[in-house]
Amino acid sequence: MFVPLVFLFAFTSAAHAFYIPGVQPHSFREGEEVPLKVNSMTSTHTQMPRGYYRLPFCEPPEGIQMVSENLGEFLTGNKIQNSPYELNMLEEVYCRPLCQKTLSKLEHSKLRLHIQYGYHNNWIIDNLPSAALGLDAHGDEKKRYAGGFPIGFVSADTQLPYIYNHVNIHVDYHANEDGGYSVVGFAVEPLSVKHEFENKYKWDGVSAEGKKKKLKTCPADVHLSRDRIKLSQVVKPDETIIYTYDVVWEPSDIEWTSRWDIYLNEDHLVPAKVHWYSITNSILVVMFLSLLVISVLVRNLRRDIAAYEALAVLADEEKDEESEETGWKLVHADVFRPPQNVPMLYCVFCGSGAQLCLTALFAIIFSAIGFLSPARRGSLMIFLLVVYMLFGIVAGYLSSHIYKSFRGRDWQLCTVLTAVLFPGTTFFTFLFFNIILWFKQSSASAPLLDVIIVGAMWCLVSIPLVFLGAYFGFKAEPIEFPTVTSTIARAIPPSPPLMHPMVGMALTGVIPFAAAYVELFFIMTSLWMDQFYYVFGFTLIVYLILIVTCAEITVLLVYYQLCAENHRWWWYSFICAGSTAFYTFAYSIFWFRTLEASRMIMTYLLYFGYMFLICFAMFLVFGTVGTLTSLWFTRKIFGTIKVD
C-alpha cells in the first residue's frame with residue numbers, strides 16, 4: 001500500500017540528497033570571482049537574528065547591498081548581503097588584511113553583548129552555507145555544518161570577551177568536464193589573534209597601502225593556524241582590531257549534485273537509528289491500538305446489534321409488552337443533535353482544521369520527494385502560504401456544509417469566522433512580533449512591503465476562496481443522518497469517574513504524543529536551534545501515524561461515551577483528539593530549558609508565542625480528524641439498527 005512508498009521516501013531523504021530541478025549549477029573559471037555573502041547573525045539563546053553590519057565588521061567598498069531574493073527569505077529572517085571578502089577561484093590568500101576598526105564605547109558594548117549571547121555568523125558561497133571548523137571539548141578538530149560559526153568567545157579564566165578577527169576560509173571545488181570548477185564545500189575556521197604590523201606601521205584602516213603591508217603575527221606564505229597564535233584579540237573600548245582572512249582551495253571528488261549530502265546527513269548514523277527506532281515504536285503503538293479498537297468495537301458492536309435485532313423481533317411478536325433498550329441505542333434520538341455550546345465555532349474549527357491538515361500533508365509530501373530544498377531558501381515558506389490559501393476553498397466548504405446540517409442560519413458570519421479566525425490570529429501575532437523586532441532592530445523583522453504582500457494575499461486570495469467554498473457548501477445537500485432527532489433532549493445519567501468526559505479529554509492526547517515524541521524532538525531542535533532538518537520522509541510517516549492514532553482512540557472513546565448514554569460527542573471527539581496539542585505545548589515548556597535562553601522578555605514572547613500558534617494549529621488539525629472519524633463511525637453504527 002502507501003506505507004512502503006512512505007518508507008522509501010524516508011530512506012531516500014535520510015540517505016541521499018539529489019539534484020533539485022530549478023537550482024542551476026554555476027561553473028567558475030580559474031581566477032573568476034567567487035562571491036561570499038553574509039546572512040543575519042543568529043543566536044539560540046535570544047532567538048533574535050541581527051543584521052551582520054550591526055556590529056563593527058568590515059564593510060564592502062562598493063557599499064552594503066541586499067541580495068535576498070524572495071518573500072520566503074524575508075519572512076524567515078534571512079537578510080543576505082554582500083561582503084568585502086575577495087575570493088577568486090583557485091587563488092590562495094595568506095593573511096590578507098581586510099580593514100581596521102577602533103572600538104568606541106558603544107561598539108564595544110554591542111560587540112561584547114553579542115559575544116556573550118553566543119551569536120554566530122552565517123556566510124554563504126554559491127548558495128552553500130558555511131560549516132564551522134573548531135575544536136571540541138577534548139581538543140580534537142571538529143566540523144559542524146549547521147548554525148554557522150561564532151563571532152567570538154568569552155574566556156573561562158578572565159571572563160573577558162574575545163573576537164574572532166581572522167578566518168580561514170576553506171573552499172572545496174570539483175573540476176567539471178567543461179574546464180570550469182564547481183564549489184562543493186565551504187567551511188570557516190574562526191581564529192582570534194592580536195595583529196601587529198611589521199616596522200610599527202600604522203594603518204588608517206581602509207587605504208590600499210595597508211592591505212599590502214606584512215603583519216608580524218602572520219606568516220607570508222603559510223596559512224595561519226592556532227599553534228602560531230601568541231595573543232588573542234580582546235574586546236574593550238578604544239581597542240584597535242585588524243580583520244584578516246586566508247583562503248584555502250581544496251580539490252574534492254564530490255559532485256555538485258551531491259554537495260548538500262553532508263549538510264543533510266551530519267552525524268547521520270546515530271540520528272538515522274534514532275529515527276528508525278522512533279518509527280518502529282510508533283508503528284507498534286498504532287498496531288496495538290488498531291487491534292484493541294478492532295477487538296473491542298467489532299466484538300461489542302456485533303453483540304449490541306444482534307441484541308437490538310433480537311429485541312426488535314421480540315417486540316414485534318409481543319405487542320402488548322414493552323421491551324427495554326439499553327446501551328448506545330437509547331440515544332438514537334439525540335446522537336445527531338447539534339452541539340449545545342457554540343455550534344458555529346465548532347464548524348469554524350472543523351473547516352480551519354481541514355485546511356491546515358491538507359496544507360501540512362502536501363508540504364511534507366513535496367519536501368519528502370525533494371521539491372522543497374534547503375538550497376532554495378524560503379521555498380518552504382512560500383509553498384505553505386500558497387497551498388494554505390488555495391485550500392481555503394476546502395475550509396469554506398466543510399464549515400458551511402456542517403453548519404447547514406446543524407440548521408444554522410447565520411451562514412455569512414460562519415464563513416467570515418472561517419476566513420479570519422486562524423489566519424487572522426496568526427497574521428496579527430506575526431505583525432505584533434514584527435513591530436517589536438523592528439523596534440529592537442532585529443533582522444528578523446520583515447520589510448513593510450512584504451507584510452503588505454502577505455496581507456494582500458490573505459484578503460484578496462484566501463478570503464474569496466473561503467467564500468467560494470462556502471457557496472458550494474451551502475448549495476450542497478446537508479449531511480443525511482440515519483436517525484431523527486427528537487424535540488426534547490434526553491437527560492444524561494451520571495458517569496462513573498473513569499468514564500467522565502473530562503478524564504477522556506485530558507488523557508487521550510498522551511498516546512498520539514508518545515507516538516511522535518522522538519521525531520518532535522528533532523523538529524524542535526531544527527526549529528529553535530538552527531539545525532538542518534530534511535528527513536521529511538520520517539515526518540510523513542509520523543504525521544500519518546498521528547492521524548491514524550487520533551482517529552482510532554477517539555472512535556473508541558466516543559463509543560464508550562455513547563454506551564454510557566452520553567450523546568454529547570461532537571465537542572468531546574474534537575477535544576479528545578486535539579488534546580495532543582496540549583501535551584505538545586507542555587513539552588515545549590520543558591524543552592525551553594535546553595535553549596539556555598537569555599532573560600530577555602522578547603525571547604520568551606517569541607518562543608511561547610509561536611509555539612502557541614503551532615499547538616493551536618495542531619489542536620485544529622487533530623480535532624478535525626477526530627470529529628470527522630467519529631461522525632463517520634456514528635452514522636455507520638446507527639445506520640445498521642432498526643429504530644421505531
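So how much slack lies between Phe371 and Gln159, counting 0.36 nm per residue of separation and subtracting their Cα-Cα distance, in nm?
Additional length available on full extension: 71.6 nm.
Quick one: which of Lys101/Lys236; Lys110/Lys230; Lys110/Lys143 span more than 18 angstrom between C-alpha atoms?
Lys110/Lys230; Lys110/Lys143
Add -39500 (n - 2.57) for each DSSP H run of 4 or more in the chain, then divide by its residues: what number comes out at 222 nm, to the nearest 500 deg cm²/dmol?
That comes out to -15500 deg cm²/dmol.
Relative contact order of the chain: what whole-number percent is it, with Cα pairs under 8 angstrom and at least 6 residues apart?
18 percent
Taking 37 °C and 0.692 mPa s as the conditions, I'd like the Stokes-Einstein D for segment 100-242 in µm²/s, using the Kirkwood hydrodynamic radius from alpha carbon pairs.
193 µm²/s
Can you give the accessible area per residue of segment 555-644, in Å², using a 1.4 Å probe?
Counting only protein heavy atoms, the per-residue value for segment 555-644 is 40 Å².
Can you give me the distance in nm between label points at Leu413 and Val386, each placed 7 Å from the Cα along the Cα-to-Cβ direction?
3.8 nm
What does the convex hull of the Cα atoms come to per residue for the chain, in Å³?
Convex hull of Cα atoms, per residue: 180 Å³.
Largest first and in whole Å, what are the equivalent-ellipsoid semi-axes of segment 328-428 based on the Cα gyration tensor, each being the root of 5 times an eigenvalue?
The three semi-axes for segment 328-428 are 34, 16, 9 Å.
Lone cysteines in the chain, defined as no other cysteine's Cβ under 4.7 Å from theirs: which are they?
Flagged as lacking a Cys partner: Cys347, Cys350, Cys357, Cys414, Cys459, Cys550, Cys563, Cys576, Cys615.
Can you list which of the DSSP-assigned H helices in the chain have a Cα extent of 15 Å or more along the long axis and an average Kyte-Doolittle score of at least 0.5?
Both cut-offs are met by 2-15, 269-293, 343-368, 379-390, 411-439, 463-475, 510-528, 536-563, 580-591, 601-638.
Quick one: what do you get for segment 503-644 if you divide its Cα Rg by 2.2 N^0.38 Å?
Normalised Rg, Cα atoms only: 1.24.
In the chain, carbon and sulfur make up what percent of the accessible area (probe 1.4 Å)?
Heavy-atom surface of the chain belonging to carbon and sulfur, 1.4 Å probe: 63 percent.
Taking 22 Å as R0, compute the FRET efficiency from the Cβ-Cβ separation of Ile294 and Trp632 and round it to 0.05.
0.90
Please give, to one decimal in nm, the separation of the simple spin-label points placed at Asn70 and Ser486, each 7 Å out from Cα toward the Cβ.
In this crude spin-label approximation the distance works out to 5.9 nm.
For segment 32-264, what is the accessible area per residue in Å² when the probe is 1.4 Å?
Each residue of segment 32-264 exposes 46 Å² on average to a 1.4 Å probe.
The values are calculated or read from the model by the stated rules, or taken from the named source; none is laboratory data. Predicted, not measured: the structure shown is a model, and the values here were computed from it. Methodologically, a virtual Cβ is constructed for each residue, glycine included, from the backbone with ideal geometry; neighbour enumeration extends over all protein chains shown. For accessibility, only protein heavy atoms count, side chains too; no ligands or nucleic acids. Shrake-Rupley method; radii C 1.70, N 1.55, O 1.52, S 1.80 Å.
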